[in-house]
Amino acid sequence: MSLENDLLKLESDGLLRKLRPVNSTGPLISRGGNLLLNFSSNDYLGLANHPDLMKAAALASQKYGTGATASRLMSGDLEIHEELEAALAQICATPEALLFGSGFLANVGVLRSLVGRSDVIYADKLNHASLIDGMRLSEAKTERYRHCDMNHLEDLLKKPGIQGQKLIVSDSVFSMDGDIAPLRELRMLASHYNALLVIDEAHAVGIFGQGGGLCREWGLTADLLQGTLSKAFGSYGGFSACSKPMKQWLVNHARSFIYSTGLPAGVAAASLSGAHWIKQNPDAGSLLIKKAKNFRLKLVQSGFEIPDHGTQILPILIGDNHKTLEFSAALENQGLLATAIRPPTVPIGTSRIRLSICLSHSSEQLDQAAEILVRTAKSCGVLS
Ligand SMILES: Cc1ncc(COP(=O)(O)O)c(C=O)c1O
């Protein structure tokens, strides 16, 4: 394999990814001296720049130092971790929660620890990469059902001859389409076919269900609710919200928990402060969704086709990789950051611009963004 040739091929296919630093976070950021309206951040509640979170991070770093210095099972089990876990369990309305280094590590660790070679995982085709990697690491047989297609899932569950543990796994809000999984049907099928149910609520916690996610909003219980602190919570880290025995199981079996250092205290303290903010602002999620709905409506009235899923993630499907890159670059020239999303993040032929709406976007910023999107789409031939 030649790295150079591979990279050239990626470039010619419009699939090369490049790092491009910005010098701040928030709704308005700057890159290379240019101010940009940021529509590519997952800081959905605008908490990453909240003074309470920043202060909590600074104070905890002063108290505990900057690193946890060891795995939780060695000397790295800081009191603030336990406090954060209790707050997360309360928000998610589950008996317990367990922190991981990130949402990615939580997903990989959980799937790898729950099932093995003689078991079967049933997974939505559009699940997040971390769930796919967790499935692969588990070595379980995998059955991927068509996106949100419960008939297909049931056909797979019904297949004769399955001996081991069954596990169904799905995102709740899908990260690149912003649509919502049929959670009630997933719960029913999991119960009927005696399968474990793992729901990744990375894009729903903090926003729906008073911060607990869509399972909480809809009164459903998953065996494991997977969350991240890196999006709506404005901080970093991941967690599994679950029963007490399940937490104990994970502490003893999840390799990405056991063999990895605990979260730094400053990060845990920022998350805890984010959790308090979310508890004290139970309407923030619905305000965000309202904001996203109005913004979508404005774009649709101008000719864009954006499905109405009722979430903060608004995809503008372009299809071709080069065309998507061109549109994204033109938007950036006009002062709007909306990153091109291309395969393998999304299926081939479905490259898109993914707009994520944050509570910190002001009405003026949303109006300005809509105006830039329409004007630029017309000049790039995305809109006629
Ligand atoms: C659905 C989903 N699950 C998990 C993750 C991983 O979370 P983290 O960024 O905390 O690793 C992401 C992040 O993009 C995600 O979109």
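Laboratory data are not the source of any read-out in this text; all were calculated from the coordinates shown. Predicted model, so just to flag it, every value in this text is computed and none were measured. No Cβ is skipped: glycine too gets one built from the backbone with ideal geometry, and neighbour counts run over all protein chains shown.
Worth pointing out:
- A count restricted to region 214-248 and to residues that are closer than 25 Å to Pro264 by Cα and either touching a helix residue (DSSP H, G or I) at 6+ places or on another chain (Cβ under 7 Å) or within 14 Å of the ligand (Cβ to nearest atom) (or both) stands at 18.
- Each residue in region 280-301 was checked for being of a type in the set (D, E, K, R), assigned to a helix (DSSP H, G or I) and exposed (fewer than 15 other Cβ atoms within 10 Å of the Cβ), and 1 of them qualify.
- Only one of Gly103, Gly109 that is within 11 Å of the ligand (Cβ to nearest atom) and in contact with a Lys or Arg (Cβ under 9 Å, 6 or more places away or on another chain): Gly103
- Residues of region 52-95 that are touching a Phe, Trp or Tyr at 6+ places or on another chain (Cβ under 8 Å), of a type outside the set (Gly, Ala, Ser) and not in a helix (DSSP H, G or I): Arg72, Leu78.
- Test: Ala56 is more than 22 Å from Ile357 (Cβ to Cβ), in contact (Cβ under 8 Å) with a residue 40 or more places away in the chain, of a type in the set (A, V, I, L, M, F, W, C) and buried (at least 17 other Cβ atoms within 10 Å of the Cβ): yes
- Given (1) under 22 Å from Ile91 (Cα atoms); (2) of a type in the set (Val, Ile, Thr); (3) not in a helix (DSSP H, G or I), number of the condition Ile316 does not satisfy: (1)
- Residues of region 112-158 classified as within 16 Å of the ligand (Cβ to nearest atom), part of a helix (DSSP H, G or I) and touching a residue at least 24 places away in the same chain (Cβ under 8 Å), total: 8
- Scanning region 1-21 for residues that are part of a loop (DSSP other than H, G, I, E, B) and not polar (S, T, N, Q) turns up Met1, Asp13, Gly14, Leu15, Leu16, Arg17, Lys18, Leu19, Arg20, Pro21.
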